[in-house]
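Asker: Take this structure, written in structure tokens, and hold onto it; I'll ask about it next.
The values are calculated or read from the model by the stated rules, or taken from the named source; none is laboratory data. Given the structure is predicted, the values throughout are model-derived calculations rather than measurements. Ideal geometry is used to build each Cβ from the backbone, glycine not excepted, and the neighbour counts take in all protein chains shown.
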């Protein structure tokens, strides 16, 4: 029997465990088959406090994990297969094993949607990015493209104009999902250009991205565009599908009802699995500490 079961091992989950274990709560971290979250796929992180020269994403996650392990939570290196939230204690199944917990913190994060073309995976972190606020400063005076047609794409493009020489928004249709105000802002910015009815078919480069192969689906023509960076902005997928009985919104983000509590009493949430707005390591860590404090207070009230 655990006081707290934390599902996830990114900044939110590991920070939550530091708080729960230091509060003498018996804690289990279900880290997943691949632990560490999106920072494991990130290169240099310059905006996490405490590292004035920046730090590599995997190194940051290794340090977080070492700090969490210092307070001796139990850690399972596998994925959750199912959770029974219908009664307490909650039953969490991982493979053939079942663990019981008085409370649960959901911290499974979200994954960026991929365009799924050759070169995207190979150049991830070497010119292909899924977060302008994370990586924009690395593209000073470069020509970059943003793939997408929604508000996220417009926001990413506008942010990138603070660094990039030019920003080209590439959209597969000529109509945009973006709100009128965001689209108007992007169109009014002299650094932003648009290529419509066009799909990216391949990301090309050597050690880093040097261009993209494009296909105009209206004129049935192919061409190449020389650029120094690709920002994919077609949305995120929160990792919430396994949590049956937990309220989520239309996009799958877990709904927060009151101070990181879900609709199920005793189940809390932290990080990108509920946060559609910021999606930063530092905010995820903050949410993790908050969820842990709320879980501690709730457990105290139950006693």
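Every residue, every condition in (1) touching a helix residue (DSSP H, G or I) at 6+ places or on another chain (Cβ under 8 Å); (2) in a strand (DSSP E or B); (3) surrounded by 15 or more Cβ atoms within 10 Å (Cβ to Cβ), yes or no:
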{"position": "162", "(1), (2), (3)": "yes, no, no"}
{"position": "167", "(1), (2), (3)": "yes, yes, yes"}
{"position": "174", "(1), (2), (3)": "no, no, no"}
{"position": "181", "(1), (2), (3)": "no, no, no"}
{"position": "184", "(1), (2), (3)": "no, no, no"}
{"position": "190", "(1), (2), (3)": "no, no, no"}
{"position": "203", "(1), (2), (3)": "no, yes, yes"}
{"position": "212", "(1), (2), (3)": "no, yes, yes"}
{"position": "222", "(1), (2), (3)": "no, yes, no"}
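Asker: Here are some conditions: (1) touching a strand residue (DSSP E or B) at 6+ places or on another chain (Cβ under 6 Å); (2) assigned by TED's automatic domain parsing to the domain that holds residue 21. Residue 123 meets all but one. Which one does it not meet?
Answerer: All conditions are met except number (2).
The rows are residues; the columns are (1) free of Cβ contacts under 8 Å to residues at least 24 places away in the same chain; (2) touching a strand residue (DSSP E or B) at 6+ places or on another chain (Cβ under 8 Å); (3) assigned by TED's automatic domain parsing to the domain that holds residue 151.
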residue	(1), (2), (3)
181	yes, no, yes
193	no, yes, yes
205	no, yes, yes
212	no, yes, yes
222	yes, yes, yes
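Asker: Could you name every one of the strands (runs of 3 or more DSSP E) located completely within the stretch 224-303 that has at least 3 residues being within 22 Å of residue 151 (Cα to Cα) and in contact with a strand residue (DSSP E or B) (Cβ under 6 Å, 6 or more places away or on another chain)?
Answerer: Result: 229-232, 236-238.
Asker: Same structure, new question: Of everything in the stretch 246-266, what is at pLDDT 95 or above and either outside the structural domain of residue 290 (by TED's automatic domain parsing) or over 21 Å from the mean Cα position of the chain (by Cα) (or both)? Give them in sequence order.
Answerer: 263, 264, 265, 266
Asker: I'm checking my understanding of the structure. Among residues of the stretch 134-160 that are touching a helix residue (DSSP H, G or I) at 6+ places or on another chain (Cβ under 6 Å) and within 19 Å of residue 48 (Cβ to Cβ), which one is surrounded by the fewest Cβ atoms within 10 Å (Cβ to Cβ)?
Answerer: Checking each candidate, the answer is 159.
Asker: Is one or more of the residues making up the stretch 271-278 over 18 Å from residue 42 (Cβ atoms), modelled with pLDDT of 95 or more and in contact with a helix residue (DSSP H, G or I) (Cβ under 6 Å, 6 or more places away or on another chain)?
Answerer: Within the stretch 271-278, none of the residues are over 18 Å from residue 42 (Cβ atoms), modelled with pLDDT of 95 or more and in contact with a helix residue (DSSP H, G or I) (Cβ under 6 Å, 6 or more places away or on another chain).
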